[in-house]
Amino acid sequence: VLPLALEWMPRTPNVERVFHPIARLLHVNGLHDAAVAIYEKILSCDPDAKQTHSDLLIHKQLSGLDADDAFAELDRWNDRFIKPVLQSAVPAVTARDPDRPLRIGFVSNDFGGEHSLNSAMLPWFLNRERRTNSYIFYSNRPDDGADHKVFVNAADSVVNVFGLSDAALDRRIREDRIDI
């Protein structure tokens, strides 16, 4: 099946939408080589396939198989998606008052508690009354109400940014005067 999929990809419209779910399914089921082959073929057909590139980057970072390859993938990600944003970005303007609370923004597609990092971060958010800074959470997932109550309760504000472009998210964060 894999050779056929790889052969069909260049002729498939919306290649990421069609083949990305297959790669994720292979990845989740431990067929890492096949998943990587599909991720990389998708990217050869559509270099702007951001979700595919993100998943490939995460896979290479977490696989522990080849650190040099993982760092090279991170460089490709930065070149493709981060550097263009940084080149057009202007410095943020926030108040320079050392005595005011900081406005700290968090962007995630998983404030739902499903990611292992959430377990590590939850204790940091449990005692809202003991902190002085403001937390603004930017939830990049469909508004399905699945955000974990600890995160929702810890936030001074939860903003759904699902579907925003990088530029629109950048504008929103700047409008919210986020310091960090």
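Out of the residues in segment 65-87 that are under 20 Å from the mean Cα position of the chain (by Cα) and among the small types (Gly, Ala, Ser), state the one that is farthest from Pro47 (Cα to Cα).
Here the answer is Ala70.
Please verify whether Lys60 is at pLDDT below 85, among the basic types (Lys, Arg) and open to solvent by less than 80 Å² (accessible area, probe 1.4 Å), treating the condition exactly as stated.
Numbers: at pLDDT below 85: yes; among the basic types (Lys, Arg): yes; open to solvent by less than 80 Å² (accessible area, probe 1.4 Å): yes.
Yes; evaluated as a whole, the condition is true for this residue.
Based on this model, can you work out whether Asp69 counts as over 22 Å from Arg171 (Cα atoms) and in contact with a Lys or Arg (Cβ under 7 Å, 6 or more places away or on another chain)? Working first, answer last.
Working: over 22 Å from Arg171 (Cα atoms): yes; in contact with a Lys or Arg (Cβ under 7 Å, 6 or more places away or on another chain): yes.
Here the answer is yes, as Asp69 does meet what is asked.
Go through segment 22-39 and count every residue that is surrounded by 14 or more Cβ atoms within 10 Å (Cβ to Cβ) and in a loop (DSSP other than H, G, I, E, B). First the steps, then the outcome.
Narrowing segment 22-39 to residues surrounded by 14 or more Cβ atoms within 10 Å (Cβ to Cβ): 22-24, 26-27, 31-32, 34-39.
Checking the rest, the ones that are also in a loop (DSSP other than H, G, I, E, B) come to 31.
The number of residues fulfilling the criteria is 1.
Can you find, within segment 74-94, the residue that is least open to solvent (accessible area, probe 1.4 Å) among those that are at pLDDT below 85 and over 21 Å from Gly163 (Cα atoms)?
That would be Thr94.
Asp48 is checked against (1) closer than 17 Å to His32 by Cβ; (2) loosely packed, with under 12 Cβ neighbours inside 10 Å and fails just one. What number does that condition carry?
For Asp48, the exception is condition (1).
Only one of Phe106, Phe19, Phe71 is out of contact with any Cys (no Cβ under 6 Å at 6 or more places or on another chain) and in a strand (DSSP E or B); which? Talk me through it step by step, then tell me what you get.
Values: Phe19 fails: in a strand (DSSP E or B); Phe71 fails: in a strand (DSSP E or B).
When all the criteria are applied, what remains is Phe106.
The values are calculated or read from the model by the stated rules, or taken from the named source; none is laboratory data. Being a predicted model, the structure only gives us computed values, none of them experimental. Using ideal geometry, Cβ is built from the backbone for each residue, glycine included, and neighbour counts are taken over all protein chains shown. Protein only, heavy atoms only, side chains kept; ligands, DNA and RNA dropped before computing areas. Shrake-Rupley method; radii C 1.70, N 1.55, O 1.52, S 1.80 Å.
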